[in-house]
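The values are calculated or read from the model by the stated rules, or taken from the named source; none is laboratory data. Small disclaimer: the values here were computed from a predicted structure and weren't measured. Note that each Cβ is placed from the backbone with ideal geometry, even for glycine, and that neighbours are counted across all protein chains shown.
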Amino acid sequence: MFSTSETRRTSGRGIIRRAAVALALALAFGGTAGAVAAEGDLDDVSLATRDNAPAVDVSYVTGWNSAAALNDGESGPTDDYARMWGTWGDPAGPTADRATYVWDSPVTVSESALSLWQNHLTGDSGVRIPEAWAIEYRDESGDWLPVEGAELAYPLPTLDEAAPVSSLPPVEARFDAVTTTAVRLTLARADIDGERAATSVIEWQVRGVDAPVEPEPDDPGAFLDAQQVAVRTPVGGEVALPDQVWVIRENGPLEYVDVTWDPVDAANTAGPGSFDVTGAPAGFADQTVTAHVQVADGFSDEIESTDYAVTLTAPGVSPVLPDTVTATFADGTRDSGVDVDWEAIEPSVYAEADAIFDVAGAVAGFGDGATATVFVVEPVVQTKPIVSVEFDSAPEGSGWYTSAPTVAITAQETASPVAGIEYSLDGDTWTLYDQPFAIDAQGEVTVSARATSEDGAIGEASASARIDTIAPSTAVDYVIVDGTSATVTLTPSDAQPGSGADRVVWSEGPDPSPTGEANNMYATYDEPFSVQLTDEPRYVHVQAQDAAGNVEEHITVELPRLEPPQAAVDVEVTTRCIGARVFLAVTVENATDLEADVALETAYGSRPAHDLEPGESATRKFPTRSHEAPAGEVVATIAFADGSTDEVVAEYAELSCG
């Protein structure tokens, strides 16, 4: 650490107050700026029971599984389908399955754990271990980026085929910390003999911390940081909370203000344990502080460590350091009221803006003492209204809004009252703002806002969103081939400036319903496909999805029936009795477009029928010279005028003329 005689300076325009607060939080975790808590201090920020719990979005979930199971905190082995997310039966048959967590407030995350489920060798093998998995995060512009890290790996569990189990041990991935409002899991489906096997997840954990949320927005009347109180109280004793806490405002310096604590129930101190008490610091109606109270029969007096202290000051203004520091004792308890004696500070180290330096402090009974980091910043003097543009919700996991978001604009007065607020969606046309409004524009939309104060000062702000509320559409074209099949071509489109058609799925079969069980399973379209025609109609069902997540209503196209073969030469045999003898009468009809010569062969001789014109018929008789004739057949050999030939066999039944 630096002593009071050593001064650190930042390059360029220097640090700002937000960086100071971020560093303070990082130091509180024992790390450096931009780091997150040590591994043991990370929370499962995806847990559904947290205050800042994420919304869960999945690419598909079957009826007997549950997407909500992903973050219910139950990661142990199970065969209860309701306790896992699963994709078996997805009609689209995708190559990958996806799950997305979306938080209202940002989180800083650096770890993920996955508890997978499968039924190969334990069931019908329809659910398998994925080929791979990966984590992405959404950046401020709404784009999805892969997490990175020098030692990042995505291990997969190994199935012991000699002793297979369905619930697999968790696998973990660690990566460089990212701050985001959305994280996406992709599971690449295993290719089993050309079929993509479904996946299933019992629990998907994402570990990190809630990112700090600053006052709204740069409120000069709000504090940037405040003392977090820790108190140790004996069982049955009274809780001694401080009458004042320190706060640091926008421009500093640190100051102490009175605080009013919520009442403490005596039952809270009746036995060992801990609880929190909320305090209202005077002058800060919308902000609170917290005191963490630890109750035990006795406490250690041995200090193991002290927390860093952080403060702000302006150039040439003597820094104000806290009267006490927070110490951690050998028994793990903490006390924020431990006295500290800070070293004197030379004026030269805080003479100029952008300096950072440390001050050492002595703590009785603890040789390592304490350290305070001081940031020297140029005071901010606000003369313009402070404008904020906020959407009423977060976008979908895709990074797009699929329903029109509502925008609220606020303006906070500074040197002069606010006279009016305006907004623009194109940067040119300005409209007077009087209440929140829904955006009906599509594509990348930027809401610009400006507020004018009575003295003419103008404050500005803007916020952007990607909006696509219109589902894509698909054109279905087909060509009949040889009268026996149809080649089907699908052309999806998503009207600009939409998110773009992302995937088209199709199915075909005899059922006109898109969800009919007699139809084939849905497949992802990548090239024209062929459908074999039948005597009954076949139906092609199509559905497109865009990148935002909008899904087209099913389109159903009826294909024609199989065309009957072209009529050729028709041969009909009639048996009849003439007197006591059986005769065969063979009628030949030329139903083609060509002249034909026909040769008839029977058990009773052969006869020709020459020069049959199209549509012409001829009858030839064959006497059997017997009073009875067994069943038989007539073979007609046909020679057409174009040189082609054909053969027709006509059968006849037994006849007796008695």
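When you check E136 against the structure, is it assigned to a strand (DSSP E or B), at pLDDT 95 or above, under 24 Å from A198 (Cβ atoms) and more than 19 Å from the chain's Cα centre (by Cα), yes or no?
Judged against the criteria, E136 is not a match.
Pull up region 93-128, narrow it to residues that are surrounded by fewer than 20 Cβ atoms within 10 Å (Cβ to Cβ) and among the aliphatic types (A, V, I, L, M), then point me to the one that is modelled with the highest pLDDT.
A113
Could you tell me which residue of region 608-637 is surrounded by the most Cβ atoms within 10 Å (Cβ to Cβ), considering only residues that are of a type in the set (D, E, K, R) and under 16 Å from T575 (Cβ atoms)?
Here the answer is R620.
Output the residues belonging to region 176-196 that are more than 19 Å from G397 (Cβ to Cβ) and part of a strand (DSSP E or B).
Once the filter is applied, which keeps residues that are more than 19 Å from G397 (Cβ to Cβ) and part of a strand (DSSP E or B), region 176-196 yields D176, A177, D191, I192, E195, R196.
Suppose the filter is charged (D, E, K, R) and either in contact with a Lys or Arg (Cβ under 9 Å, 6 or more places away or on another chain) or more than 30 Å from I409 (Cβ to Cβ) (or both); does D455 pass it? Full working, then the answer.
Details: charged (D, E, K, R): yes; either in contact with a Lys or Arg (Cβ under 9 Å, 6 or more places away or on another chain) or more than 30 Å from I409 (Cβ to Cβ) (or both): no.
So D455 fails the test.
Assess whether A344 counts as being surrounded by fewer than 21 Cβ atoms within 10 Å (Cβ to Cβ), over 18 Å from W246 (Cβ atoms), outside the structural domain of T290 (by TED's automatic domain parsing) and more than 44 Å from the chain's Cα centre (by Cα). Please lay out each step first, then the result.
Values: surrounded by fewer than 21 Cβ atoms within 10 Å (Cβ to Cβ): yes; over 18 Å from W246 (Cβ atoms): yes; outside the structural domain of T290 (by TED's automatic domain parsing): no; more than 44 Å from the chain's Cα centre (by Cα): yes.
In short, no.
Can you tell me which residue in region 369-384 is surrounded by the fewest Cβ atoms within 10 Å (Cβ to Cβ), limited to those that are in a strand (DSSP E or B) and β-branched (V, I, T)?
T373
Got a number for residues in region 230-252 being modelled with pLDDT of 90 or more, over 30 Å from G73 (Cα atoms) and crowded, with 16+ Cβ neighbours inside 10 Å?
10
As an exercise: evaluate D646 against (1) among the charged types (D, E, K, R); (2) at pLDDT below 90; (3) touching a Pro at 6+ places or on another chain (Cβ under 6 Å) and give the number of the one condition it does not meet.
Among (1) among the charged types (D, E, K, R); (2) at pLDDT below 90; (3) touching a Pro at 6+ places or on another chain (Cβ under 6 Å), the lone unmet condition for D646 is (3).
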